[in-house]
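Everything below concerns the one structure shown next.
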Amino acid sequence: MDYLLLFISTVLVNNIVLVKFLGLCPLMGVSNNLSAAFGMGLATTFVLTLSALASWIIEHLLLVPLNIEFLRILSFILIIAAVVQFTEAVVRKTSPLLHKNLGVFLPLITTNCAVLGVALLNVREQYTLIQSLVFGMGSALGFSLVMVIFAGLRERIALANVPATFAGAPVSLVTAGLLSLVFMGFSGMI
């Protein structure tokens, strides 16, 4: 499989947020502010890529050889938690302001279904190590791209005159739906 095709397909055509509906909690929770959405996207990119790689290694070097695939979800969650703790330590050390802005959302990456979903999709699709890495990076970039675009749209909508019954979550969900339609336009490319 062509790695570039897999990468572009994962970012644009099969976006984990807009097509697979993974990671909707951070999309709705952190996207009020463009800088926070960008920071969350960066942190999730780091975690998602490392988790995809680590979960492939654990799957193929431990779970399958020992015939303990039934521990897959538990082991993937432990891997993700360890990577998130590492990421939180790095962000706290390198950018205290970003760590403060992300607040509770950084530890919540552990429960972000997109991270676990990508690890499980790697297993289901039976990707090689390199394909898993490309899929993880593409999924992470797609997640970050949607987060930043959506945050920009929400900042613009906050300045608009939205009817009271439509303000907040309703207009955000409609905006996410329209953004999903925009990304559907890429489906003819691949």
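Please treat every number below as a calculation from the coordinates, not as lab data. Source: prediction; values computed, not measured. For neighbour counting, all protein chains shown are included, and Cβ atoms are generated from backbone atoms with ideal geometry for every residue, glycine included.
Miscellaneous remarks
- Count Lys and Arg as plus one, Asp and Glu as minus one, and take only other residues whose Cβ is under 14 Å from that of F76; the net charge is then 0.
- Judged by the gyration tensor of its Cα atoms, with axes a ≥ b ≥ c, segment 1-107 is oblate; a/c meets the 1.5 cut and b/c is at least as large as a/b.
- Computed as a quarter of the hull surface, the mean projected area of the alpha carbon convex hull for segment 121-190 stands at 6.2 nm².
- Relative contact order %, the chain, counting alpha carbon pairs below 8 Å whose residues are six or more apart: 42 percent
- Mean Cα-pair separation over length for segment 1-110, i.e. relative contact order, pairs under 8 Å, 6 or more apart, %: 26 percent
- Helix 72-94 and the longest principal axis of the Cα set of the chain meet at an angle near 60°.
- Sorting the segments 107-119, 58-70, 74-86 by their mean number of nearby beta carbons within 10 angstrom, highest to lowest, gives 107-119, 74-86, 58-70.
- Percent RCO, i.e. relative contact order, over segment 55-126, from Cα pairs under 8 Å lying at least 6 residues apart: 37 percent
- Charged-residue dipole, Cβ positions (Lys, Arg, Asp, Glu), the chain about Cα centre, Debye nearest 20: 400 debye
- Calculated from backbone phi, Karplus (6.51, -1.76, 1.60) coupling profile of segment 24-34 in Hz, x at Gly/Pro: 6, 4, x, 4, 7, x, 10, 8, 6, 10, 5
- Listed values (i) 17.2; (ii) 20.5; (iii) 19.5, entry calculated as Kirkwood radius over Cα pairs in Å: (i)
- Placing unit charges on the Cβ atoms only, positive for Lys and Arg and negative for Asp and Glu, gives segment 88-190 a dipole magnitude near 220 debye about its Cα centre.
- The overall shape of segment 76-167, judged from the alpha-carbon gyration tensor, is oblate: a/c is not under 1.5, and a/b is no greater than b/c.
- Radius 15 Å from Cβ of L133, net charge of other residues (Lys, Arg +1; Asp, Glu -1): -3
- Cβ-Cβ distance of L66 and F86, R₀ of 22 Å, FRET efficiency by 1/(1 + (r/R0)^6): the value works out to about 0.30.
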